[in-house]
Amino acid sequence: MSVLTSTQNTSPSRPGPPLWLLAEVTYRCPLHCVFCYNPVDFARQEDELSTEDWKRVLQEGRAMGAVQLGLSGGEPLVRDDLEEIVAEAHRLGFYTNLLTSGVGLTAQRAAALKAAGLDHVQLSFQDSTREMNDFLSHTKTFELKNRVAKIIKDQGWPMVMNVVIHRMNIDHIDRIIGMAHEFGAEYLELANTQYYSWAMVNRDQLLPTHAQLQHAEAVTDAWRAKLGEDMRIFFVAPDYHEGRAKKCVNGWGNMFITVAPDGTALPCHTARMLPGLSFPSVKDHSLEHIWYESEGFNRYRGTGWMKEPCTSCEHREADLGGCRCQAYMLAQDPAAADPVCIKSPHHHEVKAAVAQAEAQALVRAQANTSGIQGEHPLVFRDPANSLRLSKV
């Protein structure tokens, strides 16, 4: 698995080129995950770029200096032209990474993607058991994912597994890591849920307690000590429990560029939610123009846009104010300090959410003996719920 490191822009007025291009080729997906990062209103966004449009985007991105290409969705395998897109990316010299649920990855299709030049496959699981995996995705896909894991190994791709971690599976982390090891995974990403899009809708049901996180980290460290270099385990720390903001996508408009299925170019895959910003389409402008000239990519670059407490904070260059989408969701102000930071005047919103998770843990413990029902139903990612939640 190729990992890029952060680079500093040499000019304060002109950023360096994007190094990572994320091509969200579709929002269509057979899964209905409760933590999906696709926009809540995805059902209202039906347009998709054509094959030729995607080829042009890849050509423009590579000419600018982009070296890594992520192919995601939705489920990118629902695109019949995926092999053609991969072949063009390979011709241009991209390192290509397919992010997939595995649905649609047959042995025949895997061979075709391998022949087209695909370098890397990241396979997502929801849990280590069939019951919870299938419940969280609202599908019967656990056995399929097991078969796909073998297909990936048979093609000689690095075995990379991703599991989004939250309250409903965090206590299974020992079994999750054991499952990845049994599959022969070289890499396992345990990505604690980031609370935007569908995860934000379901935050009250998904946010774990501090004790659960501590236990999960301890279990992960024990496996790391046991396995050594046999399997690299990445534990992506959550925002809400840290008290510190993270540099969102390695800095707004600094390294990453996302192109949504309809061609809208974004500094991160959820930025379209922010009010008062215009994000251009690759149908109307070149990728170079979008990256260097558009208001959407320039608004929150660097530190010039900041206000207190970020302006005078000693960490402002390290975290660049944190996540703009999180600031908007929790403080209703995209220019606010990320509320996960203890210095943010809106940090009480995060503390309240964590306190509620702790209280619900107590309710669940009591429910084991008293039968109390303490949680609301989960909202699954599907077109009907998308239309309902995005109704104006």
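Assorted remarks:
- Taking ASP239, ASP47 and ordering them by how much accessible surface each has at a 1.4 Å probe, largest first, produces ASP47, ASP239.
- Cα point-scatterer Debye curve for the chain, base-10 log of I(q)/I(0) at q = 0.08, 0.14 Å⁻¹: -0.42, -1.41
- For ASP53 and ALA115, a Förster radius of 25 Å and the Cβ-Cβ distance give a FRET efficiency of 0.60, rounded to the nearest 0.05.
- For segment 50-113 versus segment 256-323, the spacing of their alpha-carbon centroids is 24 Å.
- Helical content of the chain, expressed as a calculated mean residue ellipticity at 222 nm, amounts to -11000 deg cm²/dmol (DSSP H runs of 4 or more residues, -39,500 (n - 2.57) each, divided by residue number, nearest 500).
- Cα pair distances exceeding 15 angstrom across segment 109-209, given as percent: 63 percent
- Residue (of MET306, GLN108, CYS36) at the positive-pole extreme of the chain, dipole from beta-carbon charges: MET306
- About its Cα centre, the dipole of the chain is roughly 220 debye, where the only charges are +1 on Lys and Arg Cβ and -1 on Asp and Glu Cβ.
- Here's the list of lysines a cross-link from LYS246 could span, going by alpha-carbon distance under 22 Å and ignoring same-chain residues fewer than 8 apart: LYS307, LYS343, LYS351.
- Relative contact order (%) - the chain, alpha-carbon pairs under 8 angstrom, separation at least six: 19 percent
- Atom-type composition of the exposed protein surface of the chain places 52 percent of the accessible area on carbon and sulfur (1.4 angstrom probe).
- Highest-MSF residue in the chain out of ARG109, ARG62, ARG381 [GNM, Cα springs under 10 Å]: ARG109
- Reach of LYS226 by Cα under 18 Å, taken over aspartates and glutamates that are not fewer than 8 positions away in the same chain: ASP174, GLU182, GLU186, GLU189, GLU217
- The trypsin sites (Lys or Arg not before Pro) of segment 248-354 meeting both criteria, a DSSP state outside H, G, I, E and B (loop) and at most 15 other C-beta atoms within 10 angstrom of the site's C-beta, are LYS283, LYS307.
- Extension gain from HIS210 to HIS285, taking 0.36 nm per residue of separation minus the Cα-Cα distance: 22.4 nm
- FRET efficiency estimate (nearest 0.05) - Cβ-Cβ, LYS343 to GLU131, R0 45 angstrom: 0.60
- Per residue, segment 181-230 exposes 45 Å² of solvent-accessible protein surface, assessed with a 1.4 angstrom probe and all protein chains in place.
- Across segment 196-209, computed HN-Hα scalar couplings (Karplus, 6.51 cos²θ - 1.76 cosθ + 1.60, θ = phi - 60°) run 9, 6, 5, 5, 5, 4, 9, 4, 4, 8, 10, 5, x, 8 Hz from first to last residue, x flagging Gly and Pro.
- Mean separation of Cα pairs under 8 Å and 6 or more residues apart, divided by the residue count, gives segment 147-271 a relative contact order of 24 percent.
- Assuming charge only on the beta carbon of Lys and Arg (+1) and of Asp and Glu (-1), the dipole of segment 42-131 about its Cα centre is about 320 debye to the nearest 20.
- Heavy atoms of the protein chains alone define the surface here; on that basis segment 282-324 has 51 Å² accessible area per residue at 1.4 Å probe size.
- Sites listed here are GluC sites (Glu not before Pro) in segment 243-329 whose DSSP assignment is loop and whose Cβ has at most 16 other Cβ atoms within 10 Å: GLU314.
The values are calculated or read from the model by the stated rules, or taken from the named source; none is laboratory data. Please read all numbers here as calculations on a predicted model, not as lab measurements. Note that we place each Cβ from the backbone using ideal geometry, even for glycine, and neighbour counts take in every protein chain shown. Just so you know, the surface numbers come from the protein's heavy atoms only, side chains and all, with ligands and any DNA or RNA stripped out. Shrake-Rupley method; radii C 1.70, N 1.55, O 1.52, S 1.80 Å.
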